[in-house]
Amino acid sequence: MKSMRIAQILVGAIAMFAACTQASKETPSGFKFDMIKEGTGDIPRPTQFVVFNFRVTDSADSIWADTYGRGYPEFARIQDSSRIADEDGITQMLRMLSKGDSVSFTISIADLFRDFAKSPVPPHMDSTSIVRYNISVRDIVNQEDFDAYQSQVEQDYYAFMTRSAAEQLGKDTVAIDEYLSEKNIQAQKLPSGIRYVISKEGKGPAAGSGQTVSVHYAGYMLDGTYFDTSIRETAQQQGLFDSARDAQNGYQPYQVTIDQSSVIQGWHEALKVLNEGAEGTFYIPSSLAYGPRANQRIKANSVLVFDLQMVDIK
């Protein structure tokens, strides 16, 4: 695995572990990290794979990424020692870890994107904030054994995800139904578990798979906390206004090609309910949204609510 790939995997992933005794270590490039727990065995050799889990949190203890929760680790192939001088600090660090080791380090968002992701800090992120990584080595695998090892991991992962998705959908269904009952909202239901209320009827046939639509949206949690919107006034009212976004493209309808664009699955299903000019509110289970993934504004396994306005269908 190339150093850029490893850095991108870890961007945004940081976790706080209760430290017992910490020993500070340093890679050849000067990258510093703390040893939380020492495992057993030898450090990896070239061509071997380091199998590791990680969790990432920010200064507010919000989890950005968590392979423990998703049930699938990451893999990094150790390159020949002649590559060490060209590797970033995180890649060099993985060379120094053995099975069972747990380490942590902190880094600013600005340094993380500049030195590892090699890209600008996204506008919605505070470049001065600090994130903490915790990484634990699950295994060291020989190259000749890797395919079989990864195949078993994938089987375990899919079984885990199937169980988790079913359990989470049950929890989300209860949460949505309780919310609707408390608010005395009469909603319709899709087979997937999405509940929705049409607040304004449109005209013509509903949008279908493969069609490109323009839609205004406002997204928020069941507790009323907004996390994104395409509507300028709503962004201003909810403390989400982004001057850089406003200057670059402005706040305008978002274009989606149904069943093709990279939006959450819940959107693809919701958009097929709307015809041109229609407006509705959709209550989307986390399994059709971001599932166990999280970011600065959305917690893992969150039910999402979207107010959608179908502006145009092509």
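The values are calculated or read from the model by the stated rules, or taken from the named source; none is laboratory data. Here the structure is a predicted model, which is why all the values come from computation and not from measurement. Backbone-built Cβ (ideal geometry, glycine too); neighbour counts: all protein chains shown.
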The listed residue being among the acidic types (D, E), in a helix (DSSP H, G or I) and in the same structural domain as G291 (by TED's automatic domain parsing), out of D147, D177: D177
Selection status of T173, surrounded by fewer than 17 Cβ atoms within 10 Å (Cβ to Cβ) and in contact (Cβ under 8 Å) with a residue 12 or more places away in the chain: yes
Any hit, the stretch 186-194, residues being under 28 Å from Y251 (Cβ atoms), loosely packed, with under 15 Cβ neighbours inside 10 Å, in the same structural domain as I264 (by TED's automatic domain parsing) and modelled with pLDDT of 95 or more: no
Single residue of E201, E279, E233 found to be out of contact with any helix residue (DSSP H, G or I) (no Cβ under 6 Å at 6 or more places or on another chain) and either assigned by TED's automatic domain parsing to the domain that holds G69 or crowded, with 16+ Cβ neighbours inside 10 Å (or both): E279
Positions within the stretch 278-307 being among the hydrophobic types (A, V, I, L, M, F, W, C) and under 14 Å from I63 (Cβ atoms), in sequence order: A294, I298, A300
Which listed residue is free of Cβ contacts under 8 Å to residues at least 12 places away in the same chain, farther than 15 Å from D312 by Cα and either of a type outside the set (A, V, I, L, M) or touching an Asp or Glu at 6+ places or on another chain (Cβ under 9 Å) (or both), from Q260, Q265, Q248: Q248
Tabulated pairs, the stretch 29-40, first β-branched (V, I, T), second outside any loop (DSSP other than H, G, I, E, B) and surrounded by 14 or more Cβ atoms within 10 Å (Cβ to Cβ), C-beta under 9 angstrom, 6+ apart or interchain: I36/S102; I36/V103; I36/S104; I36/N134; I36/S136
Conditions (1) touching a helix residue (DSSP H, G or I) at 6+ places or on another chain (Cβ under 7 Å); (2) surrounded by 17 or more Cβ atoms within 10 Å (Cβ to Cβ); (3) at pLDDT 95 or above; (4) of a type outside the set (D, E): number failed by Q168: (3)
Residue match in the stretch 97-113 (condition: touching a residue at least 60 places away in the same chain (Cβ under 8 Å), farther than 20 Å from E74 by Cβ and either surrounded by 22 or more Cβ atoms within 10 Å (Cβ to Cβ) or not aromatic (F, W, Y) (or both)): no
Where G250 falls short, out of the listed (1) surrounded by 17 or more Cβ atoms within 10 Å (Cβ to Cβ); (2) under 19 Å from P122 (Cβ atoms): (1)
Subset of the stretch 167-198 [within 19 Å of W267 (Cα to Cα) and either in contact with a His (Cβ under 7 Å, 6 or more places away or on another chain) or of a type in the set (D, E, K, R) (or both)]: D172, K189, R195
Residue that is surrounded by the most Cβ atoms within 10 Å (Cβ to Cβ), among those in the stretch 53-78 that are at pLDDT 85 or above and more than 27 Å from S127 (Cα to Cα): A76
